[in-house]
Each structure stands twice: as structure tokens, then as C-alpha cells.
Amino acid sequence: MPDKNNSKQSIVTRVTQALHFVEAETGAVVPSIQPAATYARDENYEVRKPYWYRRDGSQTTAHAEAIIKELENAEESFLFSSGMSACTAVLENLPTGAHVVVPKVMYHGVLQQIQS
């Protein structure tokens, strides 16, 4: 993940270098893609790492979120495996009675979710 000394470099340099990524095991400077969606558990069936069965939770996603967070100077960044999952996350976290403005023509799945 990001090197603490990297904070003095420009945003362009930090992002170009993938937040100064260096793979500890291999020394690679390009983050590898983690295609796994299922992860091993320990003897008590607890997750070993902060990743579990899901498509949006992996080292690849976490690193991409960190880069976007840096680009946007944000407190947090979340990537989703689909547009539907992103819309669902937003809609399900709106307060009761929230006002939502949507176009007349839009993805049917989201429209159905809004109308129900």
C-alpha cells in the first residue's frame, strides 16, 4: 500500500506509481490482479484477511479504491462490481422520506427498485 514518504510527491506522481506500490513478496511495482472471489477461512471458520466471498472485495479493489481516494482527496472510496450494486448501495442508505430525482428512461432494474 502507499509509502508514508510518498505524500510529498505530486498527485500525478503518486497515482502514476499506483501510490508507490511495491509487492512485498515479489518486488513487483505493478499491482497484480486478484481474480479470486472466494477466500480461505481459519479453523474457526473466521475470515483470515479482510476479504471474503464477494466480487467487490479483494486486494485489487482495495488498491484501486485507495488510488481513487487519493485522486479525489476523499475520506473514502468504494468500487462496485456492477452499476446495479452501486445504485442499490446508494438507495438503501438514503434516509426515510428522501427525495430522489431520476430520468424517465433508465436501467429497468433500478427503476423497479425505486418504484417498489
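Sorting 22-28, 62-68 by average packing, meaning the other beta carbons within 10 Å per residue, from highest down gives 62-68, 22-28. Partners of K8 within straight-line reach, counting lysines whose Cα lies under 21 Å from its Cα and excluding those fewer than 8 residues away in the same chain: K69.
Bear in mind these aren't lab numbers, they're just calculated from the coordinates by the rules spelled out. No experiment lies behind these values; they were computed from the predicted model shown. In this analysis, Cβ positions are derived from the backbone assuming ideal geometry, glycine residues included, and neighbour counts consider all displayed protein chains.
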